[in-house]
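The structure appears below as structure tokens.
Coordinate-derived values only; no laboratory data. None of these values were measured; they are calculated from a predicted model. Neighbour counts run over all protein chains shown; Cβ positions are idealised from the backbone, glycine included.
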Amino acid sequence: MDIKEFSDNQDKFYIGRESAENIYLVMKGLKYLVTFLFISIELLAQNAIDSGYLTDDGTWCWFSDPRAIFTDGRVITGWVKSNGTVEAASFDIANQSIQTDDLYFRLEKDDHNNPAFVKTSEGNILAMYTRHSLKDLFINIIYSNHNGFSIREPQLIHPISKKELEEFPRETITYANPFILKEEENRIYCFGRWTGFKPNMMWSDDNGSTWTKSRVFITNYPFDPGNRPYVKYYSDGQSRIHFVFTDGHPRVEPTNSVYHAYYEKGKLYKADGSLITDIENIPFEPGDASVIYKSNKEEGRAWIADIGQDNNGNPVVLYTKSPIETDHRYWYARFNNGKWLNYEICKSGKWFPQTQPGQKEREPHYFGGMSIHPDNADVIYISRQVNGIFEIERWETSDSGKTWKHEAVTRNSEFDNVRPFIPRGLNAEDQEIVLWMENQKYIHYTDYRTSIKFKIIR
């Protein structure tokens with residue numbers, strides 16, 4: 001177990017004997033030196049408090065969330081290290097301490113395997129994660145206390161149903177997205193790309209001790225085992241879970257549209273509240289849901305970044321349009337008065353993986369990333385190219401996305417800063433915290449050397 005604490009370093013200065021005629025000059029110079037050092041130490045201390053590294057060895061993807069939650073004054077988060085170890089961390093905001101521990105030692109070097117977190121009704125935290133496109137789904141229980149946390153050994157879950165597999169014959173497990181609904185007696189749902197290479201759901205009624213078998217809830221017909229809709233999730237923690245999803249992967253689909261649906265009390269609905277189906281009769285097809293953006297060749301194929309909700313419970317979505325693969329444009333969609341309002345935020349640049357000389361980029365749709373504040377949908381954090389480097393910025397709107405003001409979080413960086421995330425559970429009145437990846441090297445999701453950084457916006 002590795003515990004790191006931020007602290008100030010105090011230097012001591014000693015003055016040797018000087019001749020009487022030089023003492024005055026020495027003391028005068030020392031006064032200015034001490035003043036300079038005091039200011040410098042104060043600035044260093046401020047930087048240590050407001051920003052820094054949670055780890056110098058960690059990476060994550062953006063389809064296993066929440067990858068960070070805020071609870072009891074701490075950020076609970078996690079990542080995959082360069083040796084494949086899945087690690088969790090507790091960042092205490094008040095005393096500025098970081099505690100880390102392994103969830104699974106040397107699981108697999110792949111950024112798809114980052115853990116996602118949910119707090120149970122018992123006050124413990126579940127960490128859930130998978131191995132990329134294999135057959136493993138893991139869960140650890142994290143016991144939080146005033147000194148930090150302790151972690152139970154990982155447990156293997158087998159969510160695949162033989163009956164579902166017969167109907168949707170492709171067995172693969174990637175991503176975990178857990179959420180608790182208090183109005184369903186604290187039932188915990190978990191979502192991922194499992195049976196059939198499609199979005200699946202399962203649930204637990206005993207704080208994660210046992211789980212139902214998973215069920216496909218979105219698919220196309222006729223069934224295509226190579227098609228894989230991508231989904232982002234957001235829950236109000238009470239009764240509703242929002243989904244934003246695509247037809248498939250933008251590298252594969254010639255057009256890739258964006259859709260929305262939500263789950264509530266055993267049924268699935270469009271954004272306007274009209275019924276799609278009930279949970280007994282899933283799956284449904286993408287075209288059955290609300291269409292946010294119908295892709296076309298001129299505007300480009302889409303991919304999704306994040307989803308949240310406004311103060312009225314209406315969904316808010318961040319997604320991209322890519323007319324060409326070197327031009328990813330950020331878009332903000334908000335459901336209001338029965339219709340989707342879509343506004344372009346900005347051009348973000350090209351992909352961030354470091355394409356090797358003479359090679360074709362394998363992931364040209366890996367854009368910088370966007371995150372919605374979980375309790376203030378007017379605030380987003382984005383990563384876009386500025387002078388050739390991906391930088392983190394805070395953007396805010398006062399007119400539902402028509403216009404924006406923004407400020408830099410990082411500037412003049414040596415390395416790319418990507419995939420920002422605002423911890424779930426953060427309230428609008430809390431000081432804002434944003435986490436992100438810094439890429440010393442990112443060639444591929446299995447070939448990286450990255451860090452996780454943070455900044456507190458006071």
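Peptide packing for 402-411, 369-378 was compared via the average number of neighbouring C-beta atoms within 10 Å per residue; ordered from the highest value, the list is 369-378, 402-411. Rounded to the nearest whole angstrom, the semi-axes of the ellipsoid equivalent to the stretch 261-322, taken from the Cα gyration tensor as √(5λ), stand at 24, 16, 9, largest first. The alpha-carbon of Lys321 sits under 19 angstrom from the alpha-carbons of these lysines, leaving out residues fewer than 8 places away in its chain: Lys232, Lys294, Lys297, Lys347, Lys350, Lys402. Remark: C-alpha extents of the stretch 49-96 on the principal axes read 30, 21, 15 Å, sorted largest to smallest. Its Cα gyration tensor gives the stretch 132-201 an equivalent ellipsoid, and the semi-axes of that ellipsoid, as √(5λ) in whole Å with the largest first, are 28, 16, 9.
Net charge of the neighbourhood of Ile180, taken over other residues with C-beta under 13 Å away and scored Lys/Arg +1, Asp/Glu -1, is -2. Residues in the stretch 187-200 carry Karplus couplings, in order, of 5, 10, 9, 9, 10, x, 9, 10, 3, x, 6, 10, x, 10 Hz; the curve used is 6.51 cos²θ - 1.76 cosθ + 1.60 with θ = phi - 60°, and Gly or Pro positions show x. The C-alpha radius of gyration of the stretch 180-312, expressed as a fraction of 2.2 N^0.38 Å, stands at 1.05.
Based on the Kirkwood approach, the hydrodynamic radius assigned to the stretch 272-393 is 16.1 Å, with every pair of different Cα atoms included. Calculated on the alpha-carbon coordinates, the convex hull of the chain measures out at 170 cubic angstrom per residue.
For Asp310, the residues whose modelled amide H falls within less than 5 Å of its own, excluding neighbours fewer than 5 places apart on the same chain, are Val316.
In this simple spin-label model, placing a label point 7 Å from the Cα along the Cα-to-Cβ direction at both Asn83 and Tyr53 gives a separation of 1.6 nm.
Sorted ascending by nearby beta carbons within 10 Å, beginning with the fewest, Thr246, Thr210, Thr277 become Thr210, Thr277, Thr246. Listed values for the stretch 271-281 are Karplus-derived 3J(HN,Hα) couplings in whole Hz (6.51 cos²θ - 1.76 cosθ + 1.60, θ = phi - 60°), namely 4, 7, x, 6, 6, 8, 6, 9, 5, 6, 10, and x replaces Gly and Pro.
For the stretch 326-458, the orientation-averaged shadow of the C-alpha convex hull comes to 9.2 nm² (one quarter of the hull surface).
Axis angle, to the nearest 10 degrees, between helix 20-50 and the longest C-alpha principal axis of the chain: 10 degrees. What residues from the stretch 196-236 fall in the zone where the backbone N is under 17 Å from a label point 7 Å along the Cα-to-C-beta line of Asn186? Hits in the stretch 196-236 for Asn186 at 17 Å: 203-211.
Remark: the stretch 154-167, residue by residue, has Karplus-estimated 3J(HN,Hα) of x, 10, 8, 10, 10, x, 6, 8, 4, 5, 5, 5, 5, 7 Hz, where x stands for each Gly or Pro and the curve is 6.51 cos²θ - 1.76 cosθ + 1.60 at θ = phi - 60°.
For the stretch 297-338, the alpha carbon convex hull comes to 69 Å³ per residue, rounded to a whole number. Global size of the stretch 114-263: 15.8, 54 Å for Rg and Dmax (C-alpha atoms, Rg to one decimal, Dmax whole). The reciprocal of the average 1/r between distinct C-alpha atoms defines the Kirkwood hydrodynamic radius, which for the stretch 324-398 equals 13.9 Å.
Short-range pairs are left out: with C-alpha atoms under 8 Å and at least six residues apart, the relative contact order of the chain is 11 percent.
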